[in-house]
Amino acid sequence: PSGPVPGAGSAYLGTTIVDALERICARWPRGVMDEDFKAPLATDRPILLLSGEDDPVTPPGYAAEAIAGGFTNAVHVIGNDQGHGLAVVGCVPRLLRVFLENPVPAELDSECLATEPPAPFFLSFLGPAP
């Protein structure tokens with residue numbers, strides 16, 4: 001970071017986090033970054049991409065960009081009305097096992113996820129309310 005973030009002072013946490021990151025980054029060792037460091041990864045290896053339709057952290061568009069960028073042997077499973085952490089929702093652990101045992105994206109049947117109800121909303125670190 002370089003200097004204050006416009007409007008951060010009026011945010012809920014103010015500039016506390018950004019100030020701390022600036023102090024940390026000033027001391028962090030720097031190395032040489034390869035020119036292609038930010039280039040999209042291209043591979044034909046089997047890839048399973050999981051997205052929650054309502055995930056604000058890693059929305060489905062990120063996975064779609066990865067596929068467009070060069071994942072030529074991938075399947076993108078999107079959980080309707082789901083958020084972040086799709087790997088533990090309903091039938092997804094079984095889908096993961098099936099994919100690991102038979103990593104053929106075109107053959108993965110993820111229809112079971114279509115009937116999963118939305119995961120409950122967490123209001124605290126203790127999890128969803130009963």
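The values are calculated or read from the model by the stated rules, or taken from the named source; none is laboratory data. Predicted model only: the values in this text are computed from it and were never measured. Note that each Cβ is placed from the backbone with ideal geometry, even for glycine, and that neighbours are counted across all protein chains shown. The area values use the complete protein model at the heavy-atom level, side chains included, leaving out ligands, DNA and RNA. Shrake-Rupley method; radii C 1.70, N 1.55, O 1.52, S 1.80 Å.
Helix content alone sets the calculated 222 nm mean residue ellipticity of the chain: runs of n ≥ 4 DSSP H residues at -39500 (n - 2.57) each, divided across all residues, give -7500 deg cm²/dmol.
Highest mobility in the GNM of the chain, judged by mean-square fluctuation with C-alpha springs under 10 Å and restricted to Leu86, Leu41, Leu21, is found for Leu21.
At a Cβ-Cβ separation cutoff of 4.7 angstrom, cysteine residues of the chain with no neighbouring cysteine are Cys25. Largest accessible area first, the residues His84, His76 order themselves as His84, His76 under a 1.4 Å probe with ligands, DNA and RNA left out. Using a 10 angstrom cutoff on alpha carbons, build the Gaussian network for the chain and name the most mobile of Asp81, Asp44, Asp19. Checking each option, the largest mean-square fluctuation is seen for Asp19. The GNM of the chain, with springs linking C-alpha atoms under 10 angstrom apart, assigns the highest mean-square fluctuation among Pro59, Pro46, Pro120 to Pro120.
For the chain, calculate the relative contact order in percent as a whole number, restricting contacts to Cα pairs under 8 Å that are 6 or more residues apart.
Numbers: 150 pairs, mean separation 25.2, N = 130.
19 percent.
Just so you know, the Rg over Rh for the chain is 1.08, from Cα atoms, with Rh as the Kirkwood radius.
Solvent exposure of Leu96, expressed as accessible area, is near 50 Å², computed with a probe of 1.4 Å over the protein chains only.
May I ask you to work out the translational diffusion coefficient for region 58-130 at 37 °C, viscosity 0.692 mPa s, via Stokes-Einstein with Rh from the Kirkwood sum over Cα pairs, reported in whole µm²/s? Result for D is 237 µm²/s.
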